Amino acid sequence: MPRMIMGIESSCDETGVGLVRLADDGTVELLADEVASSVEQHARFGGVVPEAASRAHLEAMVPTVERALVTSGLGLPDVDAIAVTAGPGLTGALLVGVSAAKAYAAALGVPLYGVNHLAGHIAVDTLQHGPLPAPCLALLVSGGHTQLLRVDDIASKITEIGSTVDDAAGEAYDKVARVLRLPYPGGPPIDKAARNGDPEAIAFPRGMTGPRDAKFDFSFSGLKTAVARWVEAAEARGEAVPVDDVAASFQEAVADVLTAKAVRAADELGIDTLVISGGVAANSRLSALAAERCAAAGIELRVPRPRLCTDNGAMIAALGAHVVAAGAKPSALDISADPALPVSTISI
Amino acid sequence: MLVLAIDTATPAVTAGVVAVRPEGSTVLAERVTLDARAHGELLTPHVLDAVREAGLTLRDLDAIACGVGPGPYTGLRAGMVTAAALAHGLDIAAYPVCSLDAIAAGVTADEPFLVLTDARRREVYWAAYDARGVRTDGPHVARPAELDSPVQRVVEHERPAPYGIAAVAREAVLAGERPAPLTPLYLRRPDAAEPGARKRVTTP
Ligand SMILES: [Zn+2]
């Protein structure tokens, strides 16, 4: 069984390379986690520019692999398998990682595993907290995704319970940050401003929480518009916008809906472990409220450290290790990246 | 010297193995598929097939020559990152080759000529060559009507072939030169507009 797995991630604006070691008992140890980000190139555009991200991936790919090898003290001949994000993500960005992974697999004569980015966000938790209990519930929140997932087996069975019907939670953060004239990406500056604000100052709407709404789906588009309307009305009255209060009240609405639905899903499905991952998992109010509500409901909460929550190669290496350990078949070298890969397809 | 030639700057997915010798080069095997959407899928399989047909393994290769464009397809990067990762994995050098030069290397001419490839958006990539095939101008990107060159003979709808790709890198390969960085010839900036003033959701 391959023991040393290299993971390559290039689905959005981070070029990530991770190295993990798979032990005989199935535990997975992190050896290296190197990321090159092109986020600064996108900042003035207020969102990821796909062509610029793809160009940055090409430039960063081999240097990032080299850095990961140096960090781990390993050489390329020590690598026993390559895992790569096959989707979902930006087409041109995925293409760079998948092409690189195929070439490394061919050059080293080792198997290739094309794996699911979303499953990687969950698998990464095993690097910090050990094996996942089965079943567990995962709340995936990032700039691109907002999903509730039932995980019966990280290597083979993940089922979507609910997802956003419009914007991802992280996208709402970026848009609200623009309304408040805060920098991109919007998560950290809103979180910071919110610490000085009153979360109950403004009653922003909780999307998809009506009696006839889908229980476990999310919507953040109405919230984003409500914030913009509120700010514009204040400006029209010639008032100074209380940025801290708007940020705190917006953040409270997001954290409230996410945690309420996650806890309710865990309760209804009889699941007692919740994993929260993805870039927005690093949000301080989300993790605090989740901790509070999980404790009250008797649910064990697992949130990987912030560095593991954002996109990186370690999550892909970790998922690759679980897929290898489960004895899955390697991918053919003519696989294509799938920008819309469903979360139920964990490896291709 | 056994050279792996790769190019994905045009709709062709091109891989070949070329024996490069001081007295002349021989193409041992090549795999080419015309499909602008399949660079990512087919390139590594093409490389492996060509190497196998040549009776070799990847470990026998001495160098890689890779087309670096100009090319309008996102697939250009598939070829370049494949070359870079193969070179890293095999610990051999990868030499960048202007894809238009690689086409020019396959042209027999007794007069100056232009090489044109499709840049999409009703534009072409072009470069000018003298009668010996040495580039004298370009590469540029332009609308065909605005193409500014006195040269009359035009070579278009051609694609870089393994022989031409290896031929451009030949001297550097035989001299064992340190390769220049594999930097793509984009010639265009990424499409991106900076956001203007914030759009209102309410009417003032
Ligand atoms: Zn992600």
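The values are calculated or read from the model by the stated rules, or taken from the named source; none is laboratory data. Values in this document were obtained by computation on a predicted structure and should not be read as measured data. So basically every Cβ, Gly included, is an ideal-geometry build from the backbone, and we count neighbours across all protein chains shown. Remember, those area values only see protein heavy atoms, side chains included, never the ligands or the DNA or RNA. Shrake-Rupley method; radii C 1.70, N 1.55, O 1.52, S 1.80 Å.
The table below gives the values:
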item	result
Hits in the range A:115-174 (condition: of a type in the set (S, T, N, Q), within 29 Å of A:LYS102 (Cα to Cα) and surrounded by fewer than 20 Cβ atoms within 10 Å (Cβ to Cβ))	A:GLN128, A:SER156, A:THR159
Wholly within the range A:1-108, helices (runs of 4 or more DSSP H) carrying at least 2 residues that are touching a strand residue (DSSP E or B) at 6+ places or on another chain (Cβ under 9 Å) and among the polar types (S, T, N, Q)	A:50-72
Residue within the range A:187-209 that is within 16 Å of the ligand (Cβ to nearest atom) and open to solvent by less than 30 Å² (accessible area, probe 1.4 Å) present	yes
Options A:ALA36, A:ALA23, A:ALA32; residue that is within 14 Å of chain B (Cβ to nearest Cβ), under 30 Å from A:LEU132 (Cβ atoms) and away from the ligand (no atom under 15 Å from the Cβ)	A:ALA36
Scan of the range B:122-167 for residues that are in contact (Cβ under 8 Å) with a residue 60 or more places away in the chain and either open to solvent by 60 Å² or more (accessible area, probe 1.4 Å) or not aliphatic (A, V, I, L, M) (or both), ordered by number	B:TYR125, B:PRO139, B:ARG159, B:PRO160, B:PRO162, B:TYR163, B:GLY164
Filter result for the condition that a residue is β-branched (Val, Ile, Thr), more than 10 Å from chain B (Cβ to nearest Cβ), open to solvent by 10 Å² or more (accessible area, probe 1.4 Å) and in contact (Cβ under 8 Å) with a residue 24 or more places away in the chain, over A:THR71, A:THR85	A:THR71
Those helices (runs of 4 or more DSSP H) lying entirely in the range A:234-348 with at least 3 residues within 16 Å of the ligand (Cβ to nearest atom), farther than 22 Å from A:SER219 by Cα and more than 14 Å from chain B (Cβ to nearest Cβ)	A:306-309, A:313-325
Selection from the range A:155-171 of residues that are aliphatic (A, V, I, L, M) and away from the ligand (no atom under 16 Å from the Cβ)	A:ALA155, A:ILE161, A:VAL165
Options B:LEU100, B:LEU114, B:LEU90: the member that is within 8 Å of chain A (Cβ to nearest Cβ) and open to solvent by less than 30 Å² (accessible area, probe 1.4 Å)	B:LEU90
Unmet criterion (only one of (1) in a strand (DSSP E or B); (2) open to solvent by less than 60 Å² (accessible area, probe 1.4 Å)) for B:LEU56	(1)
Flag if B:GLY138 is in a loop (DSSP other than H, G, I, E, B) and under 19 Å from the mean Cα position of the chain (by Cα)	no
